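Novice: Structure in structure tokens, see below.
The values are calculated or read from the model by the stated rules, or taken from the named source; none is laboratory data. Quick caveat: nothing in here was measured; it's all calculated off a predicted structure. We place every Cβ from the backbone using ideal geometry, glycine too, and count neighbours over all the protein chains shown. Side chains are part of the model used for accessible areas, which takes the heavy atoms of the whole protein and leaves out ligands, DNA and RNA. Shrake-Rupley method; radii C 1.70, N 1.55, O 1.52, S 1.80 Å.
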Amino acid sequence: MRRIVTATVLNQSGVLNRIAGLFTRRQFNIESITVGATETEGVSKMTFVVQVEDDRTVEQVVKQLHKQIDVLKVSDITEQAIVTRELALIKVMTTPQTRAEINVIIEPFRATIIDVARDSVTIQVVGNFEKIEAMIELLRPYGIKEVARTGQTAIKRGSQRFVSESKQVSILN
Amino acid sequence: MSQNAKTTELKVKNEAVTRTEPMNGADLFIETLKNENVEVMFGYPGGAVLPLYDALYKNPIRHILARHEQAAIHAAEGYARVSGKPGVVLATSGPGATNLVTGIADAMMDSLPLVIFTGQVATGVIGSDAFQEADVIGITMPITKHNYQVRSMEDLPRIVHEAFHIATTGRPGPVLIDIPKDIATTMGNAEFVDELNLPGYQPNFKPNSLQVKKLRGALAKAKKPVILAGAGVLFAKASEELLEFVGKMQIPVVNTLLGLGGFPADHPLFLGMGGMHGTYAANTALYEADLLINIGARFDDRLTGNLAHFAPNATVAHIDIDPAEIGKNVPTHIPIVADAREALKKILSLDFEAPQADEWRQKVQKDKEENPLWNTEDGEGISPQSLMRIIHNVTNGDAVVTTDVGQHQMWTAQYYGFNKPDQWVTSGGLGTMGFGFPSAIGAQIAKPDKTVVAVAGDAGFQMTLQELGLVAELKLPVKIVIYNNQALGMVRQWQETFYEERYSQSLIPVQPDFVKLADAYGIRGYVVTTEEEAEKVMRETLTDNEPVLIDCRIKSKEMVYPMIAPGKGLHEMIGVKPQ
Ligand SMILES: Cc1ncc(C[n+]2csc(CCOP(=O)(O)OP(=O)(O)O)c2C)c(N)n1
Ligand SMILES: [Mg+2]
């Protein structure tokens, strides 16, 4: 199953290395990692999309991350009310005939063309994982030359449904 | 701050801030060690740490010069294990640092508090493959609890203070500090601040009352309870509380390999060590229990055997300071994240109702009496098991005993009979050959008045025997007992059992003359070939105040039993002999 885990970390040198190493060493399968600044100076937020077999593994991911001295907070936010977004850049082959079609396809995705060449266009799209997958599938028949994706980042919604909290049983005080 | 530190009190933010006089990083390094009350360190000099050693020359802290960095760190581990204080290590960059790697990994696995300082090439050339440069931070990241590279001289006091705190609190572990050479020569003022600012590191000591209540309920219902006591009991200094708890509840106790000594071996409710070479009674109790209370053990695979068959009918309660160990290998019904002592104190304060387990106690008692450890009587050479009883008797069961890894280690664990905490030093998680002798040196330095016996394998001893030089120099009364079976005994045992006696590279027909070797260092040496001889020599030499090496010719084909084959469960022991 796919789980989304976030961690806030201190920007110490090597922290990314530490965490990437942890995932490899403990054989946690990682789909994507994103890192970026937060509202607090010196603190970054990392978002991991992991593929795990069971709840026990995701619990280990969370606990092992938490054990790192530079990690402030870890949450498995999969079950919570969250917004996830990813940005993708997709270079698609075009002919004069297909260019208009492609425009029609990407419009409902609110994607934009950010570069145009003689035989290709580059499209930028922002959305959750499924949306981006769906758009790529629609473009595939035209010939995709290259895809660059950022990986997902996530944030909890301002108001949480009640159910989301019940998963967070703490064994600490 | 220490008394003789060259500092002036500064009432800046709060009273705990002290500003030093201008000094270089190396002198500051010594001040930081004094600030942590470091009494001794284990190390080896080299180019990148010349400034640090120069500062040490001018302003001494006791320094033990091992003959190899690996031995220095194993000595620090032995010191930490028996003293409860952090072991401090100092080595140069590159090869000095890489020679430490085995010891760092060993300390990480067995949760030993170490603070390790390595020299590094100057900041300006880091990353250029400079002479004796190694990426020690990268290399040790996965085998340290935390590591630091000092980037500015002023950071040194904070980093050292944090390192000692992290190494010694929560689940202890090794912390490494890499000091580039130019940092050691930079002049400046630094501030010592007592307060720690580690928002990401807040170990939880006190148990959650809800979980403790759950344990109370489980205990009241249990018919077949058992306690598994690990090294966490020793680290938390919880043995008295454990004894009291067991006294009140009358629950049988199993120790892990590393937990030995946390509960008295001669206690009627003690079932022995569990796991791969555990006793019949211990493993059977773990297998049949309906309530398993794990206190400070990490359910290592050598203890559990095949997890699919581990404690299949038990409600599992697990008390551990490290939340990541709870539920890692064994699904846990009652997770208690806490220091073992705090948890037991809380439990004792609540006056739990003792479980109704008379029948169970009789059953485990019967298992214990009817299936004791045993050894073959015939064959040439000393019985390794009887030899361990001799060592026990001669030392009144009161020695600090260290081992290498292999058959002799298991016989020591099975037969010495540890009744008190902090008597037992062995490499459990990493299983490091060559650990026994140098760790005995560290233990002897921590406890100068104790008898310290290094039980070494004939092969393992040869991995770190250069430390005879250190023992001779310091006249340390370490007692080296070599279990000489002319073999990598444990490897040989596996080959006999699982590889149809194809003894691939496990027999060493030509051993050095260990007595002459000792003699070369001016250390007394003896060869003994019978139990009578062994006892006589040991009575003469194990309790006096000088080092000795005793080469004991044990039965070369003796096996460690019982044994659980890989992939099997605790109920599938081989080599059990009902009496
Ligand atoms: C550094 C290291 N290398 C290899 C091993 C694998 N190993 C485990 S026990 C053993 C044999 C040890 O022989 P010895 O020290 O004579 O002890 P014995 O088993 O004979 O008592 C070996 C090679 C190890 N544990 N550590
Ligand atoms: Mg041997």
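Novice: Is there a residue in region B:215-238 that is under 17 Å from B:A289 (Cβ atoms) and within 14 Å of chain A (Cβ to nearest Cβ)?
Specialist: Filtering region B:215-238 for residues under 17 Å from B:A289 (Cβ atoms) gives B:215, B:217-230.
Narrowing the set further to residues that are within 14 Å of chain A (Cβ to nearest Cβ) leaves B:215.
Within region B:215-238, one or more residues are under 17 Å from B:A289 (Cβ atoms) and within 14 Å of chain A (Cβ to nearest Cβ).
Novice: Taking the residues in region B:510-538 that are surrounded by fewer than 16 Cβ atoms within 10 Å (Cβ to Cβ) and acidic (D, E) as candidates, determine which candidate is nearest to B:T376 (Cα to Cα).
Specialist: B:E532
Novice: If only one of B:G200, B:G259 is within 14 Å of chain A (Cβ to nearest Cβ) and either surrounded by fewer than 23 Cβ atoms within 10 Å (Cβ to Cβ) or not hydrophobic (A, V, I, L, M, F, W, C) (or both), which one is it?
Specialist: Numbers: B:G259 fails: within 14 Å of chain A (Cβ to nearest Cβ).
That would be B:G200, the only listed residue that is within 14 Å of chain A (Cβ to nearest Cβ) and either surrounded by fewer than 23 Cβ atoms within 10 Å (Cβ to Cβ) or not hydrophobic (A, V, I, L, M, F, W, C) (or both).
Novice: Scan region A:1-33 residue by residue and report those that are under 17 Å from A:K67 (Cβ atoms) and among the hydroxyl-bearing types (S, T, Y). Walk me through how you get there before you give the answer.
Specialist: Pass one, region A:1-33, residues under 17 Å from A:K67 (Cβ atoms): A:5-10, A:12, A:14-28.
A:T6, A:T8, A:T24 - these are the residues of region A:1-33 that are under 17 Å from A:K67 (Cβ atoms) and among the hydroxyl-bearing types (S, T, Y).
Novice: Also, quick follow-up: For region B:413-453, give me each residue that is of a type in the set (S, T, Y), closer than 25 Å to B:L271 by Cβ and either buried (at least 24 other Cβ atoms within 10 Å of the Cβ) or not assigned by TED's automatic domain parsing to the domain that holds B:G397 (or both).
Specialist: B:Y416, B:T426, B:S427
Novice: Something else: Kindly list the number of the only condition in (1) away from every other protein chain (no Cβ under 14 Å); (2) modelled with pLDDT under 95; (3) at negative phi that fails for A:R149.
Specialist: Among (1) away from every other protein chain (no Cβ under 14 Å); (2) modelled with pLDDT under 95; (3) at negative phi, the lone unmet condition for A:R149 is (2).
Novice: Looking at (1) within 23 Å of B:S349 (Cα to Cα); (2) in contact with a Leu (Cβ under 7 Å, 6 or more places away or on another chain); (3) assigned to a helix (DSSP H, G or I), which is the only condition B:G217 fails?
Specialist: All conditions are met except number (2).
Novice: Which of the residues spanning region B:479-498 are under 12 Å from B:F461 (Cα atoms) and either away from ligand 2 (no atom under 13 Å from the Cβ) or in contact with an Asp or Glu (Cβ under 6 Å, 6 or more places away or on another chain) (or both)?
Specialist: Residues satisfying the conditions are B:I480, B:I482, B:N484.
Novice: Could I ask something else about it? So which residues in region B:337-368 are under 23 Å from the mean Cα position of the chain (by Cα), within 14 Å of another protein chain (Cβ to nearest Cβ) and either open to solvent by 50 Å² or more (accessible area, probe 1.4 Å) or among the acidic types (D, E) (or both)? First the steps, then the outcome.
Specialist: Restricting attention to region B:337-368, the residues satisfying the condition of being under 23 Å from the mean Cα position of the chain (by Cα) are B:337-344.
From what is left, the residues that are within 14 Å of another protein chain (Cβ to nearest Cβ) are B:337-339, B:342-343.
Selection gives B:D339, B:E342.
Novice: Same structure, new question: Inspect all residues belonging to region A:42-54 and state whether any of them is more than 10 Å from chain B (Cβ to nearest Cβ), open to solvent by less than 50 Å² (accessible area, probe 1.4 Å) and assigned to a loop (DSSP other than H, G, I, E, B).
Specialist: Yes - at least one qualifying residue is present in region A:42-54.
Novice: Under 6 Å between Cβ atoms, which residue pairs at least 6 apart in sequence (or on different chains) link something in region B:556-574 that is closer than 21 Å to B:K368 by Cβ with a partner that is of a type in the set (S, T, N, Q) and assigned to a loop (DSSP other than H, G, I, E, B)?
Specialist: Partner pairs satisfying both residue conditions: B:G569/B:N306.
Novice: Another one. How many residues, within region A:14-39, are open to solvent by less than 80 Å² (accessible area, probe 1.4 Å), over 15 Å from the mean Cα position of the chain (by Cα) and away from every other protein chain (no Cβ under 11 Å)?
Specialist: 3
Novice: Among the residues of region B:475-482, are any open to solvent by less than 10 Å² (accessible area, probe 1.4 Å), charged (D, E, K, R), more than 10 Å from ligand 1 (Cβ to nearest atom) and under 22 Å from B:V405 (Cβ atoms)? Working first, answer last.
Specialist: Step one: filter region B:475-482 for residues open to solvent by less than 10 Å² (accessible area, probe 1.4 Å), giving B:478-482.
Narrowing further to those that are charged (D, E, K, R): B:479.
Subsequent filtering for residues that are more than 10 Å from ligand 1 (Cβ to nearest atom) retains B:479.
Filter again for under 22 Å from B:V405 (Cβ atoms), leaving B:479.
There is at least one residue in region B:475-482 that is open to solvent by less than 10 Å² (accessible area, probe 1.4 Å), charged (D, E, K, R), more than 10 Å from ligand 1 (Cβ to nearest atom) and under 22 Å from B:V405 (Cβ atoms).
Novice: Follow-up question, since we're still on this one. Give the residues of region A:106-119 that are crowded, with 18+ Cβ neighbours inside 10 Å and either in a helix (DSSP H, G or I) or of a type in the set (S, T, Y) (or both), sorted by residue number. Full working, then the answer.
Specialist: Narrowing region A:106-119 to residues crowded, with 18+ Cβ neighbours inside 10 Å: A:106, A:111.
Correct list: A:I106 only.
Novice: So, one more: For region B:394-412, which residues satisfy the criterion of being assigned to a helix (DSSP H, G or I) and within 16 Å of ligand 2 (Cβ to nearest atom)? Give the steps one after another, and end with the answer.
Specialist: The initial filter retains those residues of region B:394-412 that are assigned to a helix (DSSP H, G or I), namely B:394, B:407-412.
Within region B:394-412, B:Q407, B:H408, B:Q409, B:M410, B:W411, B:T412 meet the criteria.
Novice: Ok, one more. Output the strands (runs of 3 or more DSSP E) that fall wholly within region B:270-336 and possess 3 or more residues being open to solvent by less than 10 Å² (accessible area, probe 1.4 Å) and either within 14 Å of chain A (Cβ to nearest Cβ) or out of contact with any Lys or Arg (no Cβ under 9 Å at 6 or more places or on another chain) (or both), or say none.
Specialist: Values: elements: B:270-273, B:291-295, B:315-320.
In region B:270-336, B:291-295, B:315-320 are the strands (runs of 3 or more DSSP E) which contain 3 or more residues that are open to solvent by less than 10 Å² (accessible area, probe 1.4 Å) and either within 14 Å of chain A (Cβ to nearest Cβ) or out of contact with any Lys or Arg (no Cβ under 9 Å at 6 or more places or on another chain) (or both).
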